[in-house]
1. So what's the net charge close to Pro204: Lys and Arg +1, Asp and Glu -1, counting the other residues with Cβ under 15 Å from its Cβ?
2. Which value, in debye to the nearest 20, gives the size of the charge dipole of the chain about its Cα centre, when Lys and Arg are +1 and Asp and Glu are -1 at the Cβ?
3. How would Cys138, Cys119 line up by accessible area, probe 1.4 Å, largest first?
4. What chymotrypsin sites (Phe, Trp or Tyr not before Pro) in the stretch 103-153 are in a loop by DSSP, with at most 14 other Cβ atoms within 10 Å of the Cβ?
5. Quick one: divide the alpha-carbon radius of gyration of the chain by 2.2 N^0.38 Å and tell me what you get.
6. Per DSSP helix of 4 or more residues, -39500 (n - 2.57); summed, then divided by the residues of the chain. What does that give at 222 nm, rounded to the nearest 500?
7. What does the C-alpha gyration tensor say about the overall shape of the stretch 162-237? Classify as rounded when a/c is under 1.5, otherwise prolate if a/b is larger than b/c, or oblate.
8. Most fluctuating residue of Gly25, Gly109, Gly217 in a GNM of the chain with Cα springs under 10 Å: which is it?
Amino acid sequence: MTVFVLTGAGISAESGLGTFRDPGGLWHRFDPTRLATPEAFAREPEEVHAFYNLRRQGVREASPNAAHAALARLEAGLAARGDRLFLCTQNVDDLHERAGARAVTHMHGELMRARCTACGESRAWAEDLSVDTACPACARRGGMRPDVVWFGEMPFHLEAIAAVLDASDLFVAIGTSGSVYPAAGFVARARGAGIPTHEINLAPSDTAGLFDAATYGPATRAVPDFVAGLLGGFSGS
Ligand code: APR
């Protein structure tokens, strides 16, 4: 069987990485139209670099939490039984990987990667970026950007994500407000395919009414409990 898990900023909140739309969240403190669009990058690249350098530093200083670790256990536990976890995240941090997850689909890209707008080369990148950063592949300067998806750009891997979602046996959303598409539409797609759905969140999301079941509470408590139930249930089968 395949368990499809979609994660959002809420799973990294207890690691100290802010969410976007909660009180005090990133988009309450910064204007996304000035920092998270291709037009903003063309207009004020150094301001965009400063914003993402700050976020990259936050990720470097953060540690995975018990919810990230539980999903890594779920991935290993399912694989040991010949089943599969498809872990799709909207997050651009690398906390799932640092918790031990081996296959993570980043539909909004990765802050710890940089891409050259001149030659398209994408590389793992943990350091600051600036307009003077030279592309390691084509050596051009001025074109290196965080390899993340900005507003107005297409998320990555959508065809593969849809194919796996349609063939899944369970859809779980963790720590997402359900306010940004296409990810916010996954639950409706799963329901349309007759796939059971479960929401794990601090509070009901914008799409809460579409889920068959829900667990509300901090991810570091709710996710380990949920994973124990899933793996415990399987071991009994
Ligand atoms: N445990 C579980 N859920 C939490 C926790 C926590 N400790 N803290 C916050 N949450 C929940 C909030 O209740 C909220 O529903 O996490 C959700 C975070 O919602 P958003 O801030 O909107 O983040 P997200 O859903 O990931 O945003 C989606 O929007 O701006 C874009 O690209 C950005 O990937 C992001 C996308």
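1. Details: positive: Arg21; negative: Asp22, Glu199, Asp206, Asp212.
Charge balance in the 15 Å sphere: -3.
2. On the way: 21 positive and 27 negative charges, 47 e Å.
With only Lys, Arg, Asp and Glu charged at Cβ, the dipole is about 220 debye.
3. Values: Cys138 40, Cys119 65 Å².
Correct descending sequence by accessible area is Cys119, Cys138.
4. Numbers: sites: Trp125, Trp150, Phe151; in loops: Trp125, Trp150, Phe151.
Those that pass, being in a loop and sparsely packed, are Phe151.
5. Values: Rg = 18.1 Å, N = 237, 2.2 N^0.38 = 17.6 Å.
Normalised Rg, Cα atoms only: 1.03.
6. Details: 9 runs with 84 residues, N = 237.
It lands at -10000 deg cm²/dmol.
7. Values: a/c = 2.19, a/b = 1.15, b/c = 1.90.
Oblate is the answer for the stretch 162-237, as a/c is 1.5 or above yet b/c matches or exceeds a/b.
8. The residue with the greatest mean-square fluctuation here is Gly25.
The values are calculated or read from the model by the stated rules, or taken from the named source; none is laboratory data. Because the structure is a prediction, the values reported are computed rather than measured. Here Cβ is always computed from backbone atoms with ideal geometry, including for glycine, and neighbour counts include all displayed protein chains. When the accessible area is computed, the model is the full protein with side chains, heavy atoms only, and any ligands, DNA or RNA have been set aside. Shrake-Rupley method; radii C 1.70, N 1.55, O 1.52, S 1.80 Å.
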